[in-house]
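A.B. asks: Pasting a structure here, questions to come.
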Amino acid sequence: MKKVYLVLSICISITLLTSCTTEDIDDQSSLIGVWKLTSWTINTAIDLDNDGIASTEFSPGCLIDSDLTFMDDSNGTIFYSSSVSYSTRMEDGNMVFMTACTTDSERVPSLMSYTTSDSEIIINNDGVEFVLALNGNTLSMLVPNDFIAKDNETSETTVSQDVTYIYTRQ
């Protein structure tokens, strides 16, 4: 009976240890491939499209063709399909947002290197590091103060927020 209890205890222990819910990245090959930008979020809701409804989650918009590509166990590319800028103006006491997209057919992906640590991917793009979190088939990349809107007349910053970019495996 003690042997049965011991075997049962070992089986339960192994099951508990191997069924962890955190998304550990033990094998970088699980990252290899293309991850397409599918949305982006900010912490404080804004009415970016001026429809009277403030939101924290947005479609890629001008960045629809942006992606991350992991080519091997330490190298990849990051591609932004447009350069986006935001401006604001006051209209009838409300802040109105304007979006400008610049798309250049000569845009090319930037090389990046990356390392993994537990459930994080750290990418280095031109000396700037970003931390990505893996959750199933999505990667989330937090970029501090990446949403900046400036007053149309004074060029003073009116809104500045961190952006989380959401990429989905293709």
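Read-outs: derived from the displayed coordinates by stated rules, not from any lab. Given the structure is predicted, the values throughout are model-derived calculations rather than measurements. Glycine gets a Cβ as well: all are built from the backbone with ideal geometry, and neighbour counts include every protein chain shown.
A.B. asks: Using a 7 Å offset from the Cα along the Cα-to-Cβ direction at both residue 102 and residue 49, what is the distance between the two label points in nm, to one decimal?
C.D. replies: It works out to 2.6 nm between the two label points.
A.B. asks: Taking the alpha carbon gyration tensor of region 59-170, what are the square roots of 5 times its eigenvalues, largest first, to the nearest whole Å?
C.D. replies: Largest first, region 59-170 gives 30, 16, 13 Å.
A.B. asks: State, to one decimal in nm, how far the label point of residue 122 lies from the label point of residue 140, with both points 7 Å from Cα in the Cβ direction.
C.D. replies: For residue 122 paired with residue 140, the spin-label model returns 2.0 nm.
A.B. asks: Further question on the same structure: Ordered by residue, what ³J(HN,Hα) values in Hz, to whole numbers, does region 35-51 give under the Karplus form 6.51 cos²θ - 1.76 cosθ + 1.60, where θ = phi - 60° and Gly and Pro are x?
C.D. replies: 10, 8, 5, 10, 6, 8, 10, 10, 7, 9, 4, 9, 9, 4, 9, 6, 9
A.B. asks: Another question, then. Taking loop as defined by DSSP and a crowding limit of 11 other beta carbons within 10 Å, which GluC sites (Glu not before Pro) in region 66-133 fit?
C.D. replies: Filter output for region 66-133: 106.
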